[in-house]
Amino acid sequence: MSESMMWLILRGTGETIVMTVLSGLFGFVIGLPTGVLLFMTRKGQILENRLLNNNVSVVVNIFRSIPFIILIVWMIPFTRALVGTSIGVQ
């Protein structure tokens, strides 16, 4: 393997690590307060607030479903190639 190829692999690995760490930190900074807020505002807790809890819960559930929606769209060509149709039977 040439030196330039090794440099490209090393650079790509470094970029991957940086992106992974940054996205993990972003998820932690956003997710921890959101989770604590959901816990503290549910019924029977110190900051019980049904309206706030329901609204935050809806937003969290929408964001949780996004990866599954992306997977469904990504699987359409595979399903069409395997079965001959993307939805249902012919």
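All of the numbers you see were taken from the coordinates with simple rules; none came from a lab. Note that the structure is a prediction, hence the values are computed from the model and not measured. A quick note on method: Cβ atoms are made from the backbone with ideal geometry, for glycine too, and the neighbour counts reach across all protein chains shown.
General remarks:
- Residue exposure sequence - 20, 41 - by fewest surrounding Cβ within 10 Å: 20, 41
- Note on the chain: GNM, Cα springs under 10 Å; of 36, 60, 18, the largest mean-square fluctuation is that of 18.
- Among [x] 1.10; [y] 1.77; [z] 1.51, the entry that matches Cα Rg over 2.2 N^0.38 Å as calculated here: [y]
- The label point for residue 2 and the one for residue 78, both projected 7 Å from the Cα toward the Cβ, are 3.5 nm apart.
- Once the Cα atoms are used to define both axes, helix 50-83 deviates from the longest principal axis of the chain by about 30 degrees.
- Unit charges at the beta carbon, dipole of the chain: most positive-side option, 79, 62, 44: 44
- Acute angle (nearest 10 degrees) that the helix 3-40 long axis makes with the longest principal axis of the chain, alpha-carbon atoms: 10
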